[in-house]
Amino acid sequence: MKMRLVKLLTLLLFTVPIYAKDRPNVILFLVDDMGLMDTSVPFIIDASGKPKTYPLNSFYKTPNMEKLANQGVRFTNFYAHSVCSPTRTTLMTGQNSARHGVTNYIKPESNNRGAYGPKDWNWTGIKKNTLTLPKLLKDNGYQTIHVGKAHFAPIGYEGEDPCNIGFNVNIGGSAIGQPGSYYGKDGYGNIAGNKKRAVQGLEAYYKDDIFLTEALTIEANKQISKAVDKEKPFFLYMAHYAVHAPFHTDPRFIDHYNNSDKSKRAKAYATLIEGIDKSLGDIIHHVNELGIGENTLIIFMGDNGSDAPLPIKKNYSSSSPIKGKKGNNWEGGMRVPFIASWVKPSSQKTLQQDTPVKKDAIQKQMGTAMDILPTICSITNTKIPKEMTIDGFSLELQFDGKRNRHRNEIFLNHFPHKHRSSYFTSMVKYPWKVIYHYPVEKAASYELYNLKEDPFETSNLASENTKQLHKMMKSLDRELIKEHALYPKKDGQLLKPII
Ligand code: CA
């Protein structure tokens with residue numbers, strides 16, 4: 001009997017760690033306000049399907065992203081919502097913003113619905129009982145680590161603390177959507193800068209004036225080490241505050257931009273970009289040093305279009321040649337950089353055979369922020385409960401450079417609020433795109449583009465191709481109804497789309 005017990009214990013001792021080691025770690029590396037042109041990696045393809053370098057790609061320096069793109073897959077057509085909180089809630093829930101109801105960015109102190117926005121929009125954000133990606137992963141034995149910007153709920157509401165929505169650990173995340181300062185000497189807003197937006201819990205970095213991006217990277221690496229020590233697979237949500245405003249210069253990189261003729265603010269922005277690129281490199285280096293590179297998948301993405309402080313010429317600016325920027329209804333508001341790769345690619349590794357990621361691959365088929373939850377759940381063998389409604393699709397086939405015939409290629413961005421572009425719903429159903437403007441400030445109006453022929457949205461076909469416009473509007477209406485969207489309201493009238 002004793003022998004059997006010893007045998008059983010030995011078996012357990014050896015089984016548990018091996019089991020833990022054989023499950024992939026996942027790093028979701030999310031950069032705030034990083035649009036698809038804020039990098040030296042070209043994400044726009046030419047007519048032959050090859051990546052094409054534009055002037056903005058030559059301005060920014062992101063060598064670690066280049067390495068990651070060379071060893072993994074880059075998506076040229078990846079969509080996120082046009083502002084922060086909608087995308088972040090989508091990442092946590094796998095749902096489109098029209099369904100989860102966080103259709104605008106959350107203001108930490110108040111309801112941000114706008115004069116005609118729906119009264120019942122989800123301005124209080126994610127709740128304790130919301131089924132989220134980190135919650136599912138935690139239940140499946142993962143160490144779930146939140147580092148950086150959360151912005152899931154306002155001050156005083158449950159989702160303010162990432163540990164209430166499924167994370168084991170929270171470093172620096174709260175209701176705020178931007179840091180009070182990027183400088184350690186300012187206490188990240190606790191000592192100087194915007195005190196209402198102070199980042200909490202990084203006191204150790206004040207004295208040496210460590211830049212916020214660097215402090216968060218050091219903390220993230222410590223948490224990775226801790227998870228490895230515990231022999232637990234981990235999910236790291238590395239959500240940098242950078243490159244969101246305020247555009248503070250990261251002194252480590254400013255010498256790289258001395259010869260540029262761009263404005264001081266634009267150069268500061270470039271240093272913020274280079275800071276997150278260094279962070280990416282440092283985390284990859286740390287994971288490899290720990291010997292877990294072959295077991296760790298990294299997903300790199302932005303949360304909405306670029307907000308780079310560049311001049312706007314006829315609606316072309318920080319995402320040029322793509323039209324528009326963060327908050328806009330055009331492609332520049334919603335197209336983001338996206339790269340996936342194993343940290344250390346190895347065709348011998350069973351885990352990587354199960355989830356192959358094609359090397360130096362260009363994936364042209366659409367991907368969206370809604371796909372992140374089903375993808376990570378599938379890769380980690382995490383069950384999605386039946387009661388969860390998911391709007392996305394697993395990206396596994398697309399990671400392998402293949403086309404997924406079973407997914408739709410629809411991206412709906414429902415924005416019944418006031419911002420840079422106000423009271424609109426846009427829908428891409430490739431190759432077509434429609435933008436509907438609700439009759440709030442002016443009469444209802446429509447934009448229609450063929451993104452295959454006109455990727456930079458130069459020619460509005462709404463009045464010349466009324467047949468296609470009607471088709472797209474019918475489709476947009478169906479999507480809104482399917483996702484239980486809420487509409488703007490004016491003079492007591494609910495403003496449903498006019499088809
Ligand atoms: Ca953002």
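Only the coordinates and a few stated rules stand behind these numbers; no lab work does. As the structure is a prediction and not an experimental result, all values here were calculated from the model. Don't worry about glycine lacking a Cβ; one is built from the backbone with ideal geometry, like all the others, and counts go over all protein chains shown.
Summary table below
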{"read-out": "Least to most buried among 208, 33, 491, 282 (fewest other Cβ within 10 Å first)", "value": "491, 208, 282, 33"}
{"read-out": "Whole-Hz couplings from phi, Karplus 6.51/-1.76/1.60, listed for the range 402-408; x for Gly and Pro", "value": "9, 9, 9, 6, 8, 9, 8"}
{"read-out": "Convex hull (Cα only) mean projected area of the range 55-214, reported in nm² to one decimal", "value": "12.5 nm²"}
{"read-out": "Length-normalised contact order for the range 245-402 - Cα pairs under 8 Å, 6+ apart - percent", "value": "16 percent"}
{"read-out": "Cα-Cα over 22 Å, subset of 418/467; 127/326; 323/490; 326/482; 314/418", "value": "418/467; 127/326; 323/490; 326/482"}
{"read-out": "Among beta bridges that DSSP assigns inside the chain, antiparallel share in %, nearest 5", "value": "55 percent"}
{"read-out": "Average Cα contact separation per residue, the range 321-401, under 8 Å, 6 or more apart, as relative contact order %", "value": "26 percent"}
{"read-out": "Nonlocal amide H pairs with residue 368, under 5 Å, H built at 1.01 Å", "value": "79"}
{"read-out": "Estimated vicinal HN-Hα couplings, Hz - the range 245-253 in sequence order (Karplus 6.51, -1.76, 1.60; Gly, Pro = x)", "value": "4, x, 7, 8, 6, 8, x, 5, 10"}
{"read-out": "Part-to-part distance (alpha-carbon centres) for the range 389-418 and the range 148-202, which is given in Å", "value": "30 Å"}
{"read-out": "For the range 487-499, 3J(HN,Hα) per residue [Karplus equation, 6.51 cos²θ - 1.76 cosθ + 1.60, θ = phi - 60°, Hz, x = Gly/Pro]", "value": "10, x, 9, 9, 6, x, 9, 6, 8, 7, x, 9, 9"}
{"read-out": "Span from the the range 444-497 Cα centroid across to the the range 293-309 one, whole angstrom", "value": "29 Å"}
{"read-out": "Amide H contacts under 5 Å for residue 338, placed H, 5+ residues apart", "value": "75"}
{"read-out": "Neighbour-count order for 377, 84, fewest beta carbons within 10 angstrom listed first", "value": "377, 84"}
{"read-out": "Structure-based [θ]222 nm, the chain - -39500 (n - 2.57) summed over DSSP H runs of at least 4, per residue, nearest 500", "value": "-8000 deg cm²/dmol"}
{"read-out": "Alpha-carbon centroids, the range 23-44 and the range 243-260: separation in whole Å", "value": "19 Å"}
{"read-out": "Binned Cα-Cα distance frequencies in the range 317-375 - 5 Å width, integer %", "value": "4, 14, 18, 18, 17, 11, 8, 7, 3"}
{"read-out": "Residue 490 long-range amide H proximity, modeled H, under 5 Å", "value": "495"}
{"read-out": "Relative contact order (percent, whole number), the range 410-494, Cα cutoff 8 Å, 6+ residue spacing", "value": "22 percent"}
{"read-out": "Tensor-based shape of the range 410-494 (alpha-carbon gyration tensor, a/c under 1.5 rounded, otherwise prolate or oblate)", "value": "prolate"}
